[in-house]
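Engineer: Right, I'll just put the structure down here and ask away after.
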Amino acid sequence: MKRLITASLAVLMLAGGASAASAQDYRRDHNNNGRYDARDRSYEQGRHDQARAEDRRDRRDDRREYRRWAKGQRLDQRYRGNTYYVSDYRARGLRQPPRGYRWQRVNDQYVLAAVATGLIASVIIANR
């Protein structure tokens, strides 16, 4: 009886150790023993996808930066400051803004927007 229990324990231990070793083998690359290989296609594709994602992010930022404003939209808060304010509107061929409005120059566009709300009343494309 003692032999039977010892033999069954030995078989269970060998079977358990073999399954753990085989699971470890599948996680490792047998060709280069886990080291990086420059010819590994999955690595190159991963880098390529990352570069493509960065390009998309850059294009999205550019598109947001060169937005075309239209009447009825709201001017972003970042463009309502004094750095974009046009004080010499007559020299630039613009009409006098009504009370509560002022001209802002944003991305080669003159935008007539309400001071309080940023609601756009008029948009004129600027000549360089």
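The numbers here are math on the coordinates, done by the rules we state, and not lab data. On a predicted model such as this, the values are computed, not experimentally measured, just so you know. All Cβ positions, glycine included, derive from the backbone under ideal geometry; neighbour counts span all protein chains shown.
Engineer: Treating only the Cβ atoms of Lys and Arg (+1) and Asp and Glu (-1) as charged, compute the dipole magnitude of the stretch 84-128 about its Cα centre; round to the nearest 20 debye. Write out the running numbers ahead of the final one.
Structural biologist: Values: 7 positive and 2 negative charges, 26 e Å.
For the stretch 84-128, the charge dipole is close to 120 debye.
Engineer: How large is Rg/Rh for the stretch 77-125, to two decimals, with Cα atoms and a Kirkwood Rh?
Structural biologist: Rg divided by Rh gives 0.90.
Engineer: Further question: Which order do the peptides 105-116, 3-14, 89-100 take when ranked by the mean count of other beta-carbon atoms within 10 Å per residue, highest first? Before the final figure, lay out each step's value.
Structural biologist: On the way: 105-116: 17.5, 3-14: 9.5, 89-100: 11.4.
Answer by packing, highest mean first, reads 105-116, 89-100, 3-14.
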